Amino acid sequence: MKSDPTKETEESFLSKKMLLIILSFGHTIVHWYQGLFSLLLPFVKSSLLLSDVQIGILSSIRQSAMTGLNLPSGFVADSYRRHTSLILFSAIMAFGSGYFLLGITKTYSIAILASAVIGSGTALWHPAGIGALSITYPKNRGTALSIHGVGASIGDSLGPIIVGALFLQFSWKNIMVLHLPASIITGIIISLGVMKAYRWENEKKQFKNYISDIKKLASNIQTISIMASYSFILMGRLVIQTFLPIYISETLGYSSFVLGVYLTLLYVLGMISQPIMGIASDKYGRKMVLAPSYGLLSILYLGLIISKNSIQLGIVISSIGLFFYAVSNVATSAIMDLANKNIQSSSMGIMGLFSQPFTLIAPILAGFFVQSSNIQSAFWFASIVSLFAFITLLPVSFTNPQQNNK
């Protein structure tokens, strides 16, 4: 009995859409958890009596786990696509476990461990989730990843303001402990949805070919330019995520709810900008979107220094939010355009491994600047490294993404 090609096409279309919806929802949960880290830093600093450098170390530890585990996580995701749902469940559980540890800790060493566990959740999610979407949507990669990124902006926007409001009524530690059972429930829902929607190809991969594809990608001058410029952007972003909450909470003296509002502004407009940037990058090229975005971020970070009141600060933070996370999806798409189909997930690991030396030192170095000068020196630091990102990207010619779809 012959199968109906039309029916198979419809089922494939529905599976693709369902996968995009499920992974975008999961990305909302992931960034709910990620966004809480910045919100928690002032409370952890106060509770454990930490210095600015120690706070910077916590951010570096989380970022180090995120980037350092990206490559092994990407290899596992590329090699065992049939277990994608289990990998994503483990990612959500890592977040819940990390915040549980932060909620019960009374020592700095456990806070360091918790930061690493939280970072591992990010490392587990992105190669598997983004790799699945990249393979499923090769001709609209930038658009699909940007829609997936909208989920991130929703989580980044809702998490700080909702949890910040809860902190006014309840102990922040108790709320963090409750995130563990919540992660179990949401992890199961996401895992079951991915099992039903994801259609992978059973391909036997040879390790020799895998390494050859990695070397080919890593030696491409366009790849190096993208990774170098994005590493500078990550440095600036990590410094802002670490010290903007300290600035709002300690220097300006605002409550946890107001802090949550400002952190929400840092992401909320990304829900609008990300699809636009994704579609534009698919149509006009990745560099046409990335270069001006990096330049504008460099200027806008200086706006944090010259803002004279709460309204001006809110406008500047909202403007930063147009590009703050959205550039990640375009940069990732630019790398995946160049990567062979067999290493789509691992290409994120290469980005992470390349950027790790940069991102590891950024919050710590900014912490020294803050201690020796003032909190605004962190914003100068973020602006300068973002300018480096802009300059690094300019000389290299990019191929059209449509020419590279695998």
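Equivalent ellipsoid of the stretch 44-200: semi-axes from √(5λ) of the C-alpha gyration tensor, largest first, are 30, 17, 15 Å. Look at 213, 282 and count the other Cβ atoms within 10 Å of each Cβ; fewest to most, that gives 213, 282. Among rounded, prolate and oblate, which fits the stretch 121-174 when a ≥ b ≥ c are the square roots of the eigenvalues of its C-alpha gyration tensor, a/c under 1.5 means rounded, and a/b larger than b/c means prolate? Note, shape of the stretch 121-174 comes out oblate. Here the alpha carbons of the stretch 277-316 define both size measures, Rg and Dmax, at 13.8, 39 Å.
For the stretch 335-406, what class follows from the C-alpha gyration tensor (a ≥ b ≥ c being the square roots of its eigenvalues): rounded when a/c is under 1.5, otherwise prolate if a/b is larger than b/c, else oblate? Since a/c reaches 1.5 but b/c is at least a/b, the shape of the stretch 335-406 is classed as oblate. As a size descriptor, the averaged projected area of the C-alpha convex hull of the stretch 122-275 was calculated at 12.2 nm². For the chain, averaging the sequence separation of C-alpha pairs within contact (under 8 Å, six or more residues apart) and dividing by the residue count gives a relative contact order of 29 percent.
The packing ranking of peptides 378-390, 291-303, highest mean first, is 378-390, 291-303, where packing means the average number of other beta carbon atoms within 10 angstrom of each residue. Counting every alpha-carbon pair across the stretch 296-371, the share separated by more than 15 Å comes to 70%.
Would you mind finding the longest exposed-site-free stretch of the chain, with exposed GluC sites (Glu not before Pro) meaning DSSP loop and at most 12 other Cβ atoms within 10 Å? In the chain, the maximal stretch lacking such sites is 204-406. Across all Cα pairs in the stretch 1-131, the calculated P(r) in 10 Å bins from zero up to the longest distance comes to 12, 37, 25, 14, 6, 3, 1, 0 percent per bin.
Evaluated over the Cα positions of the chain, the convex hull gives a direction-averaged projected area, one quarter of its surface, of 19.4 nm². Let me know the shape class of the stretch 62-125, please: from the alpha-carbon gyration tensor, a ≥ b ≥ c as square roots of the eigenvalues, rounded when a/c is under 1.5, otherwise prolate if a/b is greater than b/c, or oblate. Taking the square roots of the gyration eigenvalues as a ≥ b ≥ c, the stretch 62-125 is oblate.
Taken together, the values in this text are just the output of simple stated rules run on the coordinates, not laboratory data. Note that the structure is predicted; figures quoted are calculated from it, not measured. Note that we place each Cβ from the backbone using ideal geometry, even for glycine, and neighbour counts take in every protein chain shown.
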